[in-house]
Amino acid sequence: MNRITTFFIAFCAGFLPAIPLFSLKFAVWGGLAGIVVWLVWDSWRFSQFDQQLRNAQAGLPLQESSGMWGQLTQRVRHLLRTGDQQLQQSDQRLQDFLSAIQASPNGVLLLDADTRIEWCNQTGAQLLELDAQRDVLQHITNLVRAPEFSEYIQLGDFSHDVVFETASSTAQHPKRLSAQLHRYGSSVQGSVSRLLMLVRDITALELAEAQRRDFVANVSHEIRTPLTVLSGFVETLQNLPLDEAQRSRYLGLMQEQSQRMQSLVSDLLTLSRLEASPAPSYEARLPVAQLMMQLERDARAMMQVMDLPGNSTHRLHFECEVQHFDLLGDAVELLSASSNLVQNALRYTPPGGSVDVSLRILPDDRVEFAVQDSGAGIAPEHLPRLTERFYRVDRSRSRESGGTGLGLSIVKHVVQRHGGELRISSEIGRGSRFAFTLPASRVLISEMRLAA
Ligand code: ADP
């Protein structure tokens, strides 16, 4: 029933009974009295409805009621419920969006127009060394104090990024970040309302770039040296009247240089192949007995061609604790890595010294290949850098013996590709030990042993 109907009913309820009982005049008063009662009742219902709305504002549920005010209450309840649902949905969407940003590998910060932090993902907090909760509403420049960053914010030119070091960055453990701000949101009287800040860690990237530059410089240097020598000899041969003995000496030296370039190019190709190819499969087998035999043969052949004064030579000792095992992996790579260590031991151990090569199974079923020499040894400060490309302790010694400075780098790559580990220990004056281990999964008891 709508309000006009109830109003009319109230009027009639006062008016109609009075006509037969009294007179028309009384009936009019009766009708007016009915209207007054209706007004009081309607005002009371209205105040009830108003109270319901106040309760709803305070978060209390709306009560069921009848009549027209009840219908109105129903409608308000429906509107409130729809509003609540929409609010929940948009809140959920916001949470999903924030979770997506949370998962970003880069740091993301939302700043207000005054560069105060409004929100920050975990990566951003970790990179900038902030607390994602505690530091909300703090000025970013109070927390990130690198001068480059402060200047960047002050200048307000966000068309490019800024690179700076974090507070915890040290010379041994540098941590460099790249940050860029982007304006977003609506402008209020020309001023930008918000700023999006993206941060990423570029330490590894810069390191890789520096290594790449060093590598190119090193390769150029390594190739230029023999090339210069070669072109010098060619010029000499072209311009000077040389006797046969001199000619053959120069040609010998030229061959040495071209050999050096060949070794360098071959090692570089090996390295790039190792980096580009997937981890070796477990299909191919290399019997350890065959490996040790081949290594010994090569070592003895090398000793013969080595120009050792007074024909003195090294004491070579090969020991293979386990004969009937196969190594699972790339046979060529494993042979080249182990042979590299044996050759190094021979090259860096003075004549008369000893070189012991051993292969054994460790208690945890890993296999260990080790080369122990009695050479001059290596100072501790060089040990961590030995596997870097072109790193040499004694440059001239390495060159004299035909080294490229890439050998140990290749060994490390091969070992790591097979899931193993290269360990170097050395003592000045007492010699060095180069050993690599391969995981148990790369070792297989060969059929010969099983048959026995
Ligand atoms: P290179 O071709 O110069 O031998 P490597 O990568 O094989 O390059 O070795 C790097 C450096 O490690 C060598 O230049 C040498 O100074 C040092 N080195 C390697 N093996 C030995 C060893 N057995 N004894 C002493 N020094 C070694």
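Just so it is clear, none of the values below were taken in a lab; they were calculated from the coordinates. Bear in mind that the values here come from a model prediction, so they are computed numbers and not experimental data. Please note: Cβ atoms are built from the backbone with ideal geometry, for glycine as well, and neighbour counts cover all protein chains shown.
Measure nothing fancy, just the Cα-based angle from helix 67-102's long axis to the longest principal axis of the chain, in degrees from 0 to 90, nearest 10. For helix 67-102, the angle is close to 10 degrees. Once backbone amide H atoms are built at 1.01 Å from N, V443 has L328 as its partners under 5 Å, excluding neighbours fewer than 5 places away on the same chain.
The dipole here belongs to the stretch 278-451: it is taken about the Cα centre, uses +1 on the Cβ of Lys and Arg and -1 on the Cβ of Asp and Glu, and is about 440 debye. Considering only V332, V367, Y348, the residue lying farthest towards the positive end of the dipole of the stretch 286-401 is Y348, judged by Cα position with unit charges set on Cβ. In this Cβ point-charge picture (+1 for Lys and Arg, -1 for Asp and Glu), the stretch 104-201 has a dipole of about 120 debye about its Cα centre.
Mean separation of Cα pairs under 8 Å and 6 or more residues apart, divided by the residue count, gives the chain a relative contact order of 9 percent. How would the chain be classified by its alpha-carbon gyration tensor: rounded, prolate or oblate, with rounded meaning a/c under 1.5 and the a/b versus b/c comparison settling the rest? Prolate. Of Q48, T123, S396, which is farthest on the positive side of the dipole of the chain, counting Cα position, with +1 on Lys and Arg Cβ, -1 on Asp and Glu Cβ, and the Cα centre as origin? The Cα lying farthest towards the positive end belongs to Q48. Karplus-derived 3J(HN,Hα) values for the stretch 247-264, using 6.51 cos²θ - 1.76 cosθ + 1.60 with θ = phi - 60°, are 4, 5, 5, 4, 5, x, 5, 5, 5, 4, 5, 5, 4, 5, 5, 4, 4, 4 Hz; glycine and proline are entered as x.
Applying 1/(1 + (r/R0)^6) with r as the Cβ-Cβ distance of L32 and H139 and R0 = 60 angstrom yields a FRET efficiency of 0.25.
Under a model in which nothing but the beta-carbon of Lys, Arg (+1) and Asp, Glu (-1) is charged, the stretch 1-154 shows a dipole of about 1260 debye around its Cα centre. A Förster radius of 45 Å combined with the Cβ-Cβ distance from L39 to Q88 puts the calculated FRET efficiency at roughly 0.65. Between Q92, I140, L155, the Cα set farthest toward the positive side of the dipole of the chain (charges on each charged residue's Cβ, about the Cα centre) is that of Q92.
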